[in-house]
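Here the structure is laid out as structure tokens; the discussion comes afterwards.
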Amino acid sequence: MTQPVPAEAPRTGSDYIIPHLAALVSDTRLVALQPHCVELADLSRVSASEAAMKYGGGVMLLEQGVPGWDELLLKLAMDRPSTAVIVLSDQIPGNMVRALMKLDMSDVLPASSSPSDITEAVERFREVTTGGVGGSSVCWAFRGAVGGAGVTTIAIESAFELARRFGPGRVCLVDLNVADGMTTSFLEAVPKLDLTALSASPERLDPRLLAAWCYQHESGVSIIAAPRDPDGDALATEPAILRLLDVACGVFEFTILDMPRHMMPWTKAVLGAVDEAIVISELTVPSLHAAADMAREVDVLRRDRVPTKLVLNRMFQKKRLRAEFALDKAEGAIDRKIDSTITSDWDAARTAVNLGRPIAEVVQKSPLVADVAKLVQMMLPEEMQTAKPVEGKRRRRG
């Protein structure tokens, strides 16, 4: 995302915040690491198989001497080699060295390493996976051309699709509908963003404070949302929102924005800066014209950046006969390309929100989920397009 505010000084290990870390370490070290992580998972209470299945593909910290550390490392080397592993050890056994060599990314630090040493090691992993370019985060903004277009559902599913591809702790979903957002209700999450404090002193927001305002969904997506407040729009000033997104994009590799349809003081600045602006609509004549108008307006804001994507939601499945006109006619009517379509799956969506889970976890073969996966694939930067779901992902060894 293009930085909307002046860049800060380069981060060091002492101020870098790890989005997500799964750790099998001593209780003392676990406590010391807590202020340095958005989400810190304690693996001492789960089996090696469960830890590998749930957290494999992300970043793990293992401390030699803690019961089960060797079993978990061997399990990761065999079943989840895409996991980035840091081992704290002064003299690691030979068979554990061989296990580390089977991982795509690994590092060994002295047992006396401080939390800042560990965060620096995690940051090095991040530099490898992002090509070593600082600030190379990806930010996408989803906005509805009409009310009830399903923006929140598509934003949620896109965020969780990214987490499945790239692993836990790397994706943040931000609900910018501060007055009446539904993201936390859809996912049974806790709205932790203190909008009053943010608007009063935007400059005080740093990665540590952001960590306190993040809710970590068990599937690996961090969620930033404020409690529903009819006066929320008045608190969401441009400096506050831009600072929030600036810090989020500095911490997370992928930041997904669920934006309100109505114009806010910060809307133009955000849409002009994000990597992808996506307008969601439906295949009806009024919705199409509203979407085309909005897309053209956003294109003016984005100037030489990637043109706005136009996505039609709630499309009927092809096997069902409905009075729906063809896409080529729709494109002709608005004189604009329709970049993607999302198939309607009302039953799956209803079940998912009732359970507080993403649709992909409830109905894995939902056509809606498949279409969102295609949309995500289309928008990913070229260097990321070859990435497969984290179970089969192969990272470059650092």
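The values are calculated or read from the model by the stated rules, or taken from the named source; none is laboratory data. In this text the structure is predicted, and so the values were computed from the model without any measurement. Cβ: placed from backbone, ideal geometry, glycine included. Neighbour counts: every protein chain shown.
A Cβ distance below 6 Å, combined with a sequence gap of six or more or placement on separate chains, defines the contacts here; from the range 65-89, residues that are touching a residue at least 60 places away in the same chain (Cβ under 8 Å) reach residues that are among the basic types (K, R) in the pairs P81/K102; S82/K393; S82/R395. Any residue at all in the range 157-164 that is assigned to a loop (DSSP other than H, G, I, E, B) and outside the structural domain of M53 (by TED's automatic domain parsing)? Within the range 157-164, none of the residues are assigned to a loop (DSSP other than H, G, I, E, B) and outside the structural domain of M53 (by TED's automatic domain parsing).
The residue pairs whose first member lies in the range 183-195 and is in a loop (DSSP other than H, G, I, E, B), whose second member is aromatic (F, W, Y) and surrounded by 15 or more Cβ atoms within 10 Å (Cβ to Cβ), and whose beta carbons are closer than 6 Å, counting only pairs six or more residues apart or on different chains, are A189/Y215; V190/Y215; K192/W213; K192/Y215; L193/W213. For the condition assigned to a strand (DSSP E or B) and either touching a Gly at 6+ places or on another chain (Cβ under 6 Å) or surrounded by fewer than 21 Cβ atoms within 10 Å (Cβ to Cβ) (or both), I223 does not qualify.
Using the structure shown, decide if A155 is crowded, with 21+ Cβ neighbours inside 10 Å, at negative phi and either without any contact (Cβ under 8 Å) to a residue 40 or more places away in the chain or more than 14 Å from the chain's Cα centre (by Cα) (or both). No: the conditions fail for A155.
Taken across the range 194-211, residues that are crowded, with 21+ Cβ neighbours inside 10 Å, modelled with pLDDT under 95, touching a strand residue (DSSP E or B) at 6+ places or on another chain (Cβ under 8 Å) and of a type outside the set (K, R) do occur, with at least one present.
Need a quick list: helices (runs of 4 or more DSSP H) entirely within the range 45-103 having at least 3 residues that are more than 27 Å from the chain's Cα centre (by Cα).
Those helices (runs of 4 or more DSSP H) span 69-79, 94-101.
Taken as a whole, the condition of being over 25 Å from the mean Cα position of the chain (by Cα), at negative phi, assigned by TED's automatic domain parsing to the domain that holds F142 and buried (at least 20 other Cβ atoms within 10 Å of the Cβ) applies to A292.
Comparison of L301, L271 shows that the only residue that is in contact with a Gly (Cβ under 9 Å, 6 or more places away or on another chain) and not hydroxyl-bearing (S, T, Y) is L301.
Just give me the residues in the range 165-182 being in a helix (DSSP H, G or I) and either surrounded by fewer than 24 Cβ atoms within 10 Å (Cβ to Cβ) or in contact with a helix residue (DSSP H, G or I) (Cβ under 6 Å, 6 or more places away or on another chain) (or both), in sequence order.
R165
Being in a helix (DSSP H, G or I), under 30 Å from C37 (Cα atoms), at pLDDT below 95 and not hydrophobic (A, V, I, L, M, F, W, C) is a property that G272 lacks.
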